[in-house]
1. Filter the range 175-188 down to residues that are crowded, with 20+ Cβ neighbours inside 10 Å and not hydrophobic (A, V, I, L, M, F, W, C) and give me whichever is farthest from residue 286 (Cα to Cα).
2. Can you confirm whether the range 74-89 contains a residue that is at pLDDT below 90, among the basic types (Lys, Arg) and in a loop (DSSP other than H, G, I, E, B)?
3. Could you give every pair whose Cβ atoms fall below 9 Å, whose first residue belongs to the range 317-340 and is assigned by TED's automatic domain parsing to the domain that holds residue 219 and within 20 Å of residue 274 (Cα to Cα), and whose second residue is modelled with pLDDT under 95 and of a type in the set (Asp, Glu), counting only separations of at least 6 or pairs across chains?
4. Take the residues of the range 186-203 that are more than 21 Å from residue 121 (Cβ to Cβ) and either out of contact with any strand residue (DSSP E or B) (no Cβ under 8 Å at 6 or more places or on another chain) or more than 10 Å from the ligand (Cβ to nearest atom) (or both): which is modelled with the lowest pLDDT?
5. Scan the range 214-234 and give yes if some residue there is part of a strand (DSSP E or B) and within 15 Å of the ligand (Cβ to nearest atom), otherwise no.
6. Looking only at the range 318-336, count how many residues are more than 20 Å from residue 152 (Cα to Cα) and either touching a helix residue (DSSP H, G or I) at 6+ places or on another chain (Cβ under 9 Å) or not in a helix (DSSP H, G or I) (or both).
7. Tell me the residue from 155, 172, 116 that is assigned by TED's automatic domain parsing to the domain that holds residue 27, surrounded by fewer than 20 Cβ atoms within 10 Å (Cβ to Cβ) and charged (D, E, K, R), please.
8. Inspect the range 205-212 for any residue being modelled with pLDDT of 95 or more and away from the ligand (no atom under 16 Å from the Cβ) and give the result as yes or no.
Amino acid sequence: MSDQLPYTGLTLDRAGANRADASWLADLLAHPDSTVIPYWRDQVLASGGRPLWTGAEIVHRHPESKINRHPTPIDWPRAVPPGQGGGCAGVFAGLGDGDEVAVDVDGPVVGDVWGRAVFLGIRGEAGVFALDLSEMDEQAALRFAGADSVVDVRRLVSGLDPDEAACLAYARGLLHWNRNQRFCGACGSAAAASQGGHLRTCEGCGKLLFPRIEPAVIVLVEFGDRCLLGRHRGAAPNAFSTLAGFVEIGESLEDAVRREVAEEAGVAVGDVVYRASQAWPFPAGLMLGFRAVATSPDISVDREELTEARWFTRAEVIALQQEHVAAGTHRGDSIERYLVDRWLAGADP
Ligand SMILES: [Zn+2]
């Protein structure tokens, strides 16, 4: 039972104190060892089933130029035990203010480099960036980056070094936010990116826009030696899961846990204890994991979100997991797996 949750434990230095320095970022982008992760509409560009890392020159590449892979491809160690992994190669996806970048093979040259490239961090002397090719169509993006497919990082995660998975998730989330925050919500003017894509400033009213993160609680509720699992509307007959929901404005995390469990399953909860968190930038989540103890076994399902909710023994949960493994429907990358496995092991009573 691993204590390291997928998409956590990033070792890349985010260099937050430096990224407001445009000349520092421009120099970093010119470093020969700096790397870029190209993305297309929330999917990483891949080659031979591996995420593609390119040299930073891709950010300045002319549409007609020859494809030029990074001269020293990042070779991530495989199956490295948690805590012993190599450092994150990093994603450098940004350019200096005022630079122009061509990212459309067939269309117009695209300006506003920091609107499409983001700075992820540094590893040693080199920068790591990510580049958004979403304005191209898929085939153009593949040709431009020299990739053969696009794929969601969640489909690759089981074969990735944990540090690389955390890097790719970070890149996906930051690019997604930039792509969806091009305008100010207050006055509707365009919002220009700076600080390597970690800040956007409204060109009309000056409002500062920071990357948005949406917190959600996920909870394993127990009563005696059983735990509460629910099945969502439209889900497969054996698709039971722990309860989860977004935190609302004006609500503490503990309040959110009690509300979600009461709303969805009609179960009253007493003690609520925080256990762990997980970055979940798909597209903007932060998962906050809890254990909670019900004050009664009574269940009253709302029927809006859940079809049913039941108390499961450990033997029943194990049997359910085995069914999913056999059917290929088991997804092990979420914090739910962590909460359930620790409950099965009798940890965190
Ligand atoms: Zn504004």
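The values are calculated or read from the model by the stated rules, or taken from the named source; none is laboratory data. Bear in mind the structure is a predicted one, so any value in this text is a computation, not a measurement. Note: ideal-geometry Cβ built from the backbone for every residue, glycine included; neighbour counts use all protein chains shown.
1. 178
2. Yes, because at least one residue in the range 74-89 is at pLDDT below 90, among the basic types (Lys, Arg) and in a loop (DSSP other than H, G, I, E, B).
3. Correct list of pairs: 338/3; 339/348.
4. Out of the qualifying residues, it is 192.
5. no
6. Total satisfying the criteria: 2.
7. 155
8. yes
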